Amino acid sequence: MSDDHTRVQEFFGSRAADWDRRFPDDGPAYAAAVAELGLREGDRVLDAGCGTGRALPPLRTAVGPTGLVVGADLTPAMLQAAVRAGRDRDGHLLLTDVSVLPLRSRVLDAVFAAGLVAHLPDPAGNLRELARVVRPGGVLALFHPIGRAALAARHKRQLTPDDLRSEHNLRPLLSGSGWAMTAYVDEDDRFLALATRAG
């Protein structure tokens, strides 16, 4: 396991049991972001870096009983918290690294990724892997329940020009990874970048 993976597991593993209590009001923001994906009954969707599975219930609602919802995370404690919360009833949980997904190519209609991009050790390569498992025309949502400036303030740091989630950095990163950005919102109460899988 790489040092990056170990750091991610240590960071989230130590916070998993308390994660949902720390951010109790994020549910509506997750539901609104999922709605932006435009999922339909029967669609197949991955929650990449699903954490405690907060997106799984709205994803299940969006795709209905005939759809497929998969939640993938690198941190066992986060998936255990998802199970304790009963969210495993809304999707299949996988302990896996999103850089090497155990999924066939072009099998999904969409990927939802909350707070993931900042934790990717190889953003371009990892976004290419997400593109690999999505059909052409499928959708990617990169989401955070608060915007970049509010998140930086929460962590007592300044926004810098090299912030991966800034539009001028994210657009070419997505483009070079098999995605075409279609929407970008960075407000105090949410961050959302939508992209379509190139053909």
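The values are calculated or read from the model by the stated rules, or taken from the named source; none is laboratory data. If you're wondering where the values come from, they're calculated on a predicted model, not measured in any experiment. Note: ideal-geometry Cβ built from the backbone for every residue, glycine included; neighbour counts use all protein chains shown. Ligands, DNA and RNA are excluded from the accessible area calculation, which covers all protein heavy atoms including side chains. Shrake-Rupley method; radii C 1.70, N 1.55, O 1.52, S 1.80 Å.
Dividing the summed -39500 (n - 2.57) terms of all DSSP H runs of n ≥ 4 by the residue count of the chain sets its mean residue ellipticity at 222 nm at -9500 deg cm²/dmol.
Rounded to the nearest 0.05, the FRET efficiency derived from the C-beta distance between residue 182 and residue 95 at R0 = 25 Å is 0.20. Straightening the chain between residue 173 and residue 25 buys 50.2 nm, computed as 0.36 nm per residue apart minus the Cα-Cα spacing.
Once you list every other residue whose beta carbon is under 9 Å from the beta carbon of residue 169, what net charge do they have if Lys and Arg are +1 and Asp and Glu are -1? Write down the numbers at each step before the final one.
Working: positive: 165, 171; negative: 162, 163, 167.
Around residue 169, the surrounding residues sum to -1.
Reported value for the chain: 109 Å³ per residue, from the convex hull of its C-alpha atoms. Based on protein heavy atoms only, segment 24-120 ends up with 42 Å² per residue of surface accessible to a 1.4 Å probe.
State the answer as a single residue: which of 82, 42, 181 lies farthest towards the positive end of the charge dipole of the chain, with beta carbon charges of +1 for Lys and Arg and -1 for Asp and Glu, about the Cα centre. Most positive-ward Cα: 42.
In segment 49-199, carbon and sulfur make up what percent of the accessible area (probe 1.4 Å)? Each step should come with its number before you reach the end.
Numbers: 3540 of 6560 Å².
Ligands and nucleic acids excluded, carbon and sulfur give 54 percent.
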